[in-house]
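What follows is a single structure, written as structure tokens, with notes after it.
The values are calculated or read from the model by the stated rules, or taken from the named source; none is laboratory data. Predicted model only: the values in this text are computed from it and were never measured. Reconstructed Cβ throughout: ideal geometry from the backbone, glycine too, with neighbour counts over all protein chains shown. The protein model used for the area step is the full one, side chains on, heavy atoms only, and it has no ligands, DNA or RNA in it. Shrake-Rupley method; radii C 1.70, N 1.55, O 1.52, S 1.80 Å.
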Amino acid sequence: MMMALDNKELTLLHKTSREFARKELAPGREENDKHPFGPFFQHTLDQAFALDFFHITLPKELGGVGHGIEELCVVMGNICEEDSSLGGILFTHLLSQEILLRADEENRLKQVAADAKNAADFLIATSAMANPSEGWELPVAKKEGNSYHLTGSIDYVVTGGVARHALIPATIHSETGFSYFWTDLTQQRIDKSDPVLSHGLNACPAVDIRFNHAGAALIGEAQRGEEYFRKAFTPMQLVAAAMASGIMRGSFNEALAYCRDRKQGGRKLKEWSLMQMMLSELSIRLHVSEMLLSRACEAITQGEKGAESAVQAAAFHILSSATELTSDGIQAMGGVGYMKDFGQEKRFRDAGQVQALLGIFPMKKIRFFREFIDSGIKTRNP
Amino acid sequence: MISRREERMLREREPKFEDTLLSLIATGRQPKGIIREARKIIAIARKFNDEVARPASLVIDRKGLEDHRYLPWEYVKKANEYKLYTLFLPKMFGGQGYSPACSCYFMEELAATCLGMSNIVGAHYLGLTILLSTWNMKIAARICREVVEGEKSGSPCILTLAMTEPNAGTDSQNVEFMDKGGLGCHARRVDGGYVINGNKIFITMGHVSTWHIVQAYTALDKASETMVTFAVKTGQKGFSFGKQEKKMGQKGSVASELIFDECFIPDDQVCLDTEQAASLRRNIKETNEQLFAYIWSASRAGVGALGVGAARGAFETALDFASNHTIDGERMINHGWCQSMLAEMYKNVAAGRSLYSEANFANGMYGLLKLMNFKSIYYTNRFIPKAILLKLFSWICEKKAATWLFRLIYLDFQEDAEIDRVDGWGSMAKFAGSDAGAANCRMALELMGQAGVRHDRRAEKMMRDAKLLQIYEGTNQINRLNLFKRLVARSYEDVHTFSSSTR
Ligand SMILES: Cc1cc2nc3c(=O)[nH]c(=O)nc-3n(C[C@H](O)[C@H](O)[C@H](O)COP(=O)(O)OP(=O)(O)OC[C@H]3O[C@@H](n4cnc5c(N)ncnc54)[C@H](O)[C@@H]3O)c2cc1C
């Protein structure tokens, strides 16, 4: 863990989240990962809710804990080291929260926080794996009187099957761009699919949703959905990177422990220079990622000039690195790395899924160029 | 200008002509008929894909994810109905007699649609490969006959290869490591046969196969010199199945534990042991190393082809997505970055295919397929009616002389340089093809965003499936070492590979 844990609160949070992850998440990892073929880990989710993990960055005046991005990244890293499905659920909720805050919807958030008795009440589902402006089918919103109604489909609404509310991107009838809508997922005019079987984050289920003239409220202003998304993008990319970094730590630790124990060719695996090289590469990736993450958190927290582009660049690096590291994390363990009895194969899948958060990976890079390199906005790049 | 001696000397300098330009050397040597067969084989695979594999692939995968104990019986039978288990069996064994040189192209096709299902067929041919590599013609003929009968009767008879053990994965596959203490499958010589005790793990298709080609050792601390290769039949006393592994992917095939508990195997199921090997030119350890080289050179070229299939499947899936998905008002396929990414994927397929083809040519000239690629034998197999060949060959195989002759040709006559060549190329094809598969699957996932991670869009399944190719048949790391051993190290003195002197 590279973060400079230089304040007491952060250290405490680190300990609490790590203990929670090791005691509550790790033992059930294989079982929870069976979802949707096994039960959903509602109990664990409620425990995380009770520990205020979902409130972590919600401002105090809205009923939250009011921590910053650094604290959030510490918690996310610890959780994802053991089981990133919970990380995915948290991520989705926090993305919704971030968008709502950008759209000046503090009151709505405050209300939800005040009303919530359990995790499901509090969770706000959204299409966390997509940038809605990247060509995905969106429902159409039509204004009728003072309210809106949604008609049409949207794919892959993360936590849509378990959350009470959702933030749905939709196009307003005969207008361009997209807007966000608040909708109660328990209403009758919404058809939800079974949980979509996915590559990773199995216990962070998504559903496809069909709206049949379902009631919804506009979030912020019409047609400003993309703007809200873009504003939420940078901090949330960093959160995704923190998840990836936690996954990497888990993968490295398990690979190292195995190589210290397993013998082939008459030696411990760790004694073969080939394996030393592989473990060293894993460790280098991990160190670099943790360092980048720590520095990126600092840059954001201190509002440094050019922080946004630097943070995004760091996140791209970490997210790619995680897919490579987790692949080698399996490789270091040979056949057993491929089996569900160990954590490596899940981390490999989860890293792939986390990389896809917030949109198509190469498109994120194209936008990075357009937004920071080509636009004249001062970046850290020479 | 240049004398013959000089030419030879220069040609034999590293990298040696014979080691590098295999397809060129094969031109003219290889029967032309193979090209026509390859075309037909690809069509057969595509028909199976259209009618069976594609509609079933996600269904099987889902079933396997839901319950790791799922056994793909239905599809084992389907492949039998489509006569896939006898495609590459020579007619003299009662098979359909398609050139085994085409099997890689066939595997690529199957894998491009469903890697899991391709293994139903692939593991069977892997078992046949090890069986044939022992050149015990009597046992080979008997088992092949059963495979053919299984096809006729509708009860599939397929094979596995069983080497890996709980404490010996890499160690079970390399003679240099076999004596280091990890192996535990013991064979005890008794009157009329051997008694086996121990476990094998990760055996692809174990639970649904009839014959298992198993290696056990009469002295575990000298396994490299006491290895015995057995043909064990499902149902034999003392032999049972243990757990089914909870794999990440390739759900169309099962990975099984095989348990041997005082399992008596009679002499007529001993494919190769020290007694049989005593008369061979090489000592027993060298012979065992040669046996591994035969197996791996053929099967790793096959895994390379599976990797290329995976790479192709990922490419096709990504291409389909890109041509239907619009971003910034334009189909993705019209974005330069996307075209470049797809081109990279296409290149990975083509490069991987070139490598496994080269390995295939090496096998055709110097390895397992050598005899079948001799024009006279090839055309005999093709044009003489199966019934005649089968009758004649069944009779010949019963004779000890048949085994002696084949071992003479394949084991004694094979030169060390040829072993290096086929084994080195097998490793190269394997790690290059499987790395290409994994790389393309990753690119497909990246390119498809949230569609890529959905099971129903196939790319994520391909990624899970492809990852395994980097592990089995020797990890890619070990295959890199093997390439070095076979094609590089020999030019330098005092270079240690796969030994305790290697750090
Ligand atoms: C799904 C599946 C199906 C399989 N099917 C079959 C089958 O049908 N039949 C069969 O016999 N086997 C089968 N295998 C076994 C497979 O071939 C082995 O898993 C593989 O060879 C690796 O062995 P291992 O898993 O024991 O890993 P290990 O040998 O323990 O290797 C672990 C790590 O250590 C490295 N390593 C090992 N030894 C050395 C060394 N000396 N120097 C440097 N690095 C080293 C490896 O590269 C790897 O990274 C299958 C495996 C799987 C996962």
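When segment B:464-503 is filtered for residues that are near the ligand (Cβ under 7 Å from one of its atoms) and either over 19 Å from A:Glu271 (Cβ atoms) or among the β-branched types (Val, Ile, Thr) (or both), the ones remaining, listed by number, are B:Leu468, B:Ile471, B:Tyr472, B:Glu473, B:Gly474, B:Thr475, B:Ile478. Just one residue in the set A:Thr44, A:Thr11, A:Thr92, A:Thr16 is crowded, with 18+ Cβ neighbours inside 10 Å and without any contact (Cβ under 8 Å) to a residue 60 or more places away in the chain; that residue is A:Thr44.
Search segment B:464-481 for residues being facing another protein chain (nearest Cβ under 9 Å) and assigned to a helix (DSSP H, G or I), and hand back the single one that is surrounded by the most Cβ atoms within 10 Å (Cβ to Cβ). Within segment B:464-481, the match that is surrounded by the most Cβ atoms within 10 Å (Cβ to Cβ) is B:Leu468. Scanning segment B:453-463 for residues that are at the interface with another protein chain (Cβ under 7 Å from one of its Cβ atoms) and within 16 Å of the ligand (Cβ to nearest atom) yields a total of 1. Every condition in (1) polar (S, T, N, Q); (2) farther than 19 Å from B:Met178 by Cβ; (3) touching a residue at least 12 places away in the same chain (Cβ under 8 Å) holds for B:Ser224 except the one numbered (2). Output the residue which, of all residues in segment A:259-279 that are open to solvent by less than 50 Å² (accessible area, probe 1.4 Å) and in a helix (DSSP H, G or I), is farthest from the ligand (Cβ to nearest atom). Across segment A:259-279, the extreme among qualifying residues is A:Leu279.
Table: residues versus (1) over 23 Å from the mean Cα position of the chain (by Cα); (2) within 16 Å of the ligand (Cβ to nearest atom).
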| residue | (1), (2) |
| --- | --- |
| A:Ala332 | yes, yes |
| A:Phe342 | no, yes |
| A:Gly352 | no, no |
| A:Gly359 | no, no |
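For segment B:333-350, the set of residues classified as open to solvent by less than 50 Å² (accessible area, probe 1.4 Å) and in contact (Cβ under 8 Å) with a residue 24 or more places away in the chain consists of B:Cys338, B:Met341, B:Leu342, B:Met345, B:Asn348, B:Val349, listed by residue number. List the number of the failed condition for B:Tyr492; all other conditions in (1) at the interface with chain A (Cβ under 7 Å from one of its Cβ atoms); (2) surrounded by fewer than 24 Cβ atoms within 10 Å (Cβ to Cβ) hold. Going through (1) at the interface with chain A (Cβ under 7 Å from one of its Cβ atoms); (2) surrounded by fewer than 24 Cβ atoms within 10 Å (Cβ to Cβ) one by one, B:Tyr492 breaks only (1). Looking at A:Thr57, A:Thr16, can you tell me which residue is within 23 Å of A:Ile318 (Cα to Cα) and among the β-branched types (Val, Ile, Thr)? Just one listed residue meets the conditions, A:Thr57. Looking at segment B:312-327, is at least one residue open to solvent by 10 Å² or more (accessible area, probe 1.4 Å), away from every other protein chain (no Cβ under 14 Å), without any contact (Cβ under 8 Å) to a residue 12 or more places away in the chain and in a helix (DSSP H, G or I)? Within segment B:312-327, one or more residues are open to solvent by 10 Å² or more (accessible area, probe 1.4 Å), away from every other protein chain (no Cβ under 14 Å), without any contact (Cβ under 8 Å) to a residue 12 or more places away in the chain and in a helix (DSSP H, G or I). Residues in segment A:47-65 that are open to solvent by 40 Å² or more (accessible area, probe 1.4 Å) and in a loop (DSSP other than H, G, I, E, B): A:Leu51, A:Asp52, A:Gly63, A:Val65.
Would you please name the residue that is modelled with the lowest pLDDT, looking only at residues in segment B:1-40 that are open to solvent by 50 Å² or more (accessible area, probe 1.4 Å) and over 30 Å from B:Val488 (Cβ atoms)? Among those residues, the one meeting the criterion is B:Met1. Would a scan of segment B:134-142 turn up a residue that is under 23 Å from B:Ser256 (Cα atoms) and open to solvent by less than 10 Å² (accessible area, probe 1.4 Å)? There is no residue in segment B:134-142 that is under 23 Å from B:Ser256 (Cα atoms) and open to solvent by less than 10 Å² (accessible area, probe 1.4 Å). Considering only residues that are surrounded by fewer than 15 Cβ atoms within 10 Å (Cβ to Cβ) and farther than 24 Å from B:Tyr105 by Cβ, which ones fall in segment B:41-65? Correct list: B:Val59 only. Counted as qualifying within segment B:334-452 are the helices (runs of 4 or more DSSP H) with 3 or more residues that are farther than 30 Å from B:Ile478 by Cα, namely B:336-366, B:375-383, B:386-398, B:400-407, B:416-452. Taking first residues from segment A:248-266 that are assigned by TED's automatic domain parsing to the domain that holds A:Gly334 and partners that are open to solvent by 40 Å² or more (accessible area, probe 1.4 Å), the Cβ contacts under 6 Å between residues at least 6 apart in sequence or on separate chains come to A:Cys259/A:Lys270; A:Arg260/A:Lys270; A:Gly265/B:Lys180; A:Gly266/B:Lys180. Looking only at segment A:139-158, which residues are in contact (Cβ under 8 Å) with a residue 24 or more places away in the chain and either open to solvent by 30 Å² or more (accessible area, probe 1.4 Å) or more than 14 Å from chain B (Cβ to nearest Cβ) (or both)? If the condition is that a residue be in contact (Cβ under 8 Å) with a residue 24 or more places away in the chain and either open to solvent by 30 Å² or more (accessible area, probe 1.4 Å) or more than 14 Å from chain B (Cβ to nearest Cβ) (or both), then A:Pro139, A:Val140, A:Ala141, A:Lys142, A:Lys143, A:Ser147, A:Tyr148, A:His149, A:Leu150, A:Thr151, A:Gly152, A:Asp155 are the ones that fit.
Only residues that are over 28 Å from the mean Cα position of the chain (by Cα) and among the basic types (Lys, Arg): list them for segment A:249-296, please. Residues satisfying the conditions are A:Arg260, A:Arg262, A:Lys263, A:Arg267, A:Lys268, A:Lys270. Restricted to segment B:114-210, the set of helices (runs of 4 or more DSSP H) holding at least 2 residues that are touching a residue at least 24 places away in the same chain (Cβ under 8 Å), acidic (Asp, Glu) and more than 14 Å from every other protein chain (Cβ to nearest Cβ) comprises B:137-153. The criterion of being more than 21 Å from B:Glu18 (Cβ to Cβ) and away from chain A (no Cβ under 11 Å) holds for B:Ala436.
Check whether at least one residue in segment B:189-197 is within 22 Å of B:Leu291 (Cα to Cα), surrounded by fewer than 24 Cβ atoms within 10 Å (Cβ to Cβ) and among the acidic types (Asp, Glu), and report yes or no. Scanning segment B:189-197 turns up no residue that is within 22 Å of B:Leu291 (Cα to Cα), surrounded by fewer than 24 Cβ atoms within 10 Å (Cβ to Cβ) and among the acidic types (Asp, Glu).
Among the residues of segment B:211-223, those that are away from the ligand (no atom under 12 Å from the Cβ), more than 14 Å from chain A (Cβ to nearest Cβ) and either closer than 19 Å to B:Leu132 by Cα or not in a loop (DSSP other than H, G, I, E, B) (or both) comprise B:Trp211, B:Ala216, B:Tyr217. Count of segment B:239-258 residues, restricted to those that are more than 14 Å from B:Leu58 (Cα to Cα) and near the ligand (Cβ under 8 Å from one of its atoms), is 3. Here B:Leu445 meets each of (1) closer than 30 Å to B:Lys16 by Cβ; (2) free of Cβ contacts under 8 Å to residues at least 40 places away in the same chain; (3) within 12 Å of chain A (Cβ to nearest Cβ) with one exception, condition (1). The single residue among A:Leu282, A:Leu238, A:Leu286, A:Leu256 that is open to solvent by less than 50 Å² (accessible area, probe 1.4 Å), part of a helix (DSSP H, G or I), within 22 Å of A:Gln353 (Cα to Cα) and within 14 Å of the ligand (Cβ to nearest atom) turns out to be A:Leu282. Is there a residue in segment B:408-428 that is hydroxyl-bearing (Ser, Thr, Tyr), more than 11 Å from chain A (Cβ to nearest Cβ) and either open to solvent by 40 Å² or more (accessible area, probe 1.4 Å) or within 30 Å of B:Thr113 (Cα to Cα) (or both)? The answer is yes, given that some residue of segment B:408-428 is hydroxyl-bearing (Ser, Thr, Tyr), more than 11 Å from chain A (Cβ to nearest Cβ) and either open to solvent by 40 Å² or more (accessible area, probe 1.4 Å) or within 30 Å of B:Thr113 (Cα to Cα) (or both).
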